[in-house]
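The values are calculated or read from the model by the stated rules, or taken from the named source; none is laboratory data. What you are looking at is a predicted structure, and each value in this text was computed from that prediction instead of being measured. Because the Cβ atoms are built from the backbone with ideal geometry, glycine has one as well, and the counts that use them run over all protein chains shown. With ligands, DNA and RNA removed, areas are computed over all heavy atoms of the protein, side chains included. Shrake-Rupley method; radii C 1.70, N 1.55, O 1.52, S 1.80 Å.
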Amino acid sequence: MGENGNLRKGHGEGGGNPLSMVRNILNPQHIRHAHITGWGMEVPNRVVTNAELEAVVETTDEWIRSRTGIQERRIASERDSVVTLAFEAARKALDRADVLPTDLDMIIVATSTPEDIYPTTASRIQNLLGATRAGAFDLSAACSGFVYALNMGAQAIRTRSIEKALIIGAELNSRVLDWNDRGTCVLFGDGAGAVVLEGSEDAGGLLSCVLGSDGSGAELLGIPTVGRSSIPDGWALHKIHMDGREVFRFAVHIMQDSVRQAIDAAGLGMNDIQLIIPHQANQRILTAAARALNIPESMFYSNVHRYGNTSAASIPIALCEAEREGRIKPEDNIVLVGFGGGLTWAAAVIQWQGVPRPQKRGLGAALAQSRREVQYVAAFWRDRAMRTYRRVEASLRGSPAKNAAMREEREKKRRKRDDLVDPPNDRNPK
Ligand code: ACO
């Protein structure tokens, strides 16, 4: 179990530097805090109900509802990709935060279903947004990935190496489901959620984070991919496999442990927490975890009935919906907790918007919005221009040896063509 930082007032940035430590003790306001200032989500339009799944796999609506709480999920169309969902979620988060893409320093995408192992989803998002100053990388920690990524972004803000980060959880689980395996295919859905993190001198934001991993459970849940030398019986390349019962037991145990640890690391007690936003996997896991923590189940926000398990996207999607439904208020302390393949787990305590920023209205809001739109259009044309430039440059500036080899190859082909239509014997009759 790795406890990863306590960002409380009085602890944190500059910890290793004696001068900074003295400065922080004398002036705790000087410490940098990482606040969530914007959030957004995107799910595919297509709703797939349990009843529809009855037609494709041996299952029933009753079984799925009673064992998981799931009633429907969103499934991507052929046109959707993890990038398009993540991009839309990111745009909404930037709008909400009123941050320009060019102001971002870092983009992290937590995903287990990228289009490519590389280039990363984050680099594609960086390009689409026109976030020309941002470093970008993907983070792989299965369903715990979003909280891991949030912590990475917050730590970079805390150490002042960056000021603004975009953190995304995005998944296209439908592309890695084995639709013959009723034990997994009914559980998952697609979607994306994003938050903007910004540094501030004001206390609050991410207060603590606990990250953990137990690789001895690696076989319980995973998606085998190209690097594997062999695939065990019953697994398929690029498809999710899971030992549901074992993962269930692990989830209940680790949720209560990590929630307690994160609250403790924030210097708070359970009574100080207004809402827990867990990874949405199974309503029964939440019921069991609430019982183990001795809290009402209503303290766990749940939308698993609408979306199923969207892996790394589930926590940011739930965060967006909880906020929209008025379940989170300024100054509330909330806990995010995830668990998943690895095995991995992560829990974070956040003091929600300790400093609500004044929302722009009317002309101001429209101007800010149009500046972002201009950057997206500029990003589109920059992308086109760079691709064309690379193509033209490559054709103009091939190496002399390569150019000579290509000329020779072309010449050979021309001779062969000539021979086909005009054989040598006919050309030089003896
Ligand atoms: N429809 C009908 N019957 C089914 C289905 C289905 N979709 N799936 C399984 N069954 C059957 C099984 O075959 C079994 O039948 P049997 O008794 O004749 O063998 C029976 O139902 C019971 O199966 P269990 O696996 O014991 O069912 P359980 O109550 O444990 O529920 C479930 C299964 C829903 C998968 C549960 O174990 C669970 O939610 N586990 C945790 C999953 C989870 O949290 N995953 C997180 C992933 S996070 C990430 O990183 C991707």
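Past the 35 angstrom mark, what percentage of all C-alpha to C-alpha distances in the chain do you count?
Working: 32912 of 92235 pairs.
Result for the distance tail: 36 percent.
Which net charge results when you count Lys and Arg as +1 and Asp and Glu as -1 among the other residues whose beta-carbon is under 9 Å from that of Lys239?
On the way: positive: none; negative: Asp178, Asp181.
Net charge around Lys239: -2.
What percentage of the solvent-accessible surface of the chain, computed with a 1.4 Å probe over protein heavy atoms, is contributed by carbon and sulfur atoms?
52 percent
From the Cα gyration tensor of segment 38-78, with a ≥ b ≥ c the square roots of its eigenvalues, which class applies: rounded if a/c is under 1.5, or else prolate if a/b is larger than b/c, or else oblate? Don't jump to the answer; show the numbers that get you there.
Numbers: a/c = 4.10, a/b = 1.67, b/c = 2.46.
The shape class here is oblate.
Run down the aspartates and glutamates and flag those whose C-alpha is under 14 Å from the C-alpha of Lys329, throwing out any fewer than 8 positions away in its chain.
Partners found: Asp272, Glu321.
Keeping every protein chain present and rolling a 1.4 Å probe, give me the accessible area per residue for segment 65-111 in Å².
Ligands and nucleic acids excluded, the result is 36 Å² per residue.
Arg390 to Ser216: FRET efficiency via 1/(1 + (r/R0)^6), r the Cβ-Cβ distance, R0 56 Å, to the nearest 0.05?
For R0 = 56 Å, the calculated efficiency reads 0.75.
Under a Cβ-only charge scheme (Lys and Arg +1, Asp and Glu -1), can you give me the dipole magnitude of segment 144-215 about the Cα centre, in debye to the nearest 20?
Computed charge dipole of segment 144-215: roughly 80 debye.
From largest accessible area down, sort Arg291, Arg306, Arg160, Arg182; use a 1.4 Å probe on the protein chains.
Arg291, Arg182, Arg160, Arg306
R0 = 45 Å: FRET efficiency of Tyr376 with Glu297, Cβ-based, nearest 0.05?
After rounding to 0.05, the efficiency reads 0.60.
Under the definition of Cα pairs under 8 Å and six or more residues apart, what whole-number percent is the relative contact order of the chain? The partial results should precede the final answer.
Values: 908 pairs, mean separation 92.0, N = 430.
Once divided by the residue count of the chain, the mean separation gives 21 percent.
For Ala401 paired with Arg324, estimate the spin-label separation in nm (one decimal), with each label point 7 Å from Cα along the Cα-to-Cβ line.
5.9 nm
With Kirkwood's inverse mean 1/r over C-alpha pairs for Rh, give me the Rg to Rh ratio of segment 228-322, two decimals please.
Radius of gyration relative to Kirkwood radius: 1.05.
Could you sort Tyr307, Tyr148 by their accessible area in this structure, using a 1.4 Å probe and putting the largest first?
Tyr148, Tyr307
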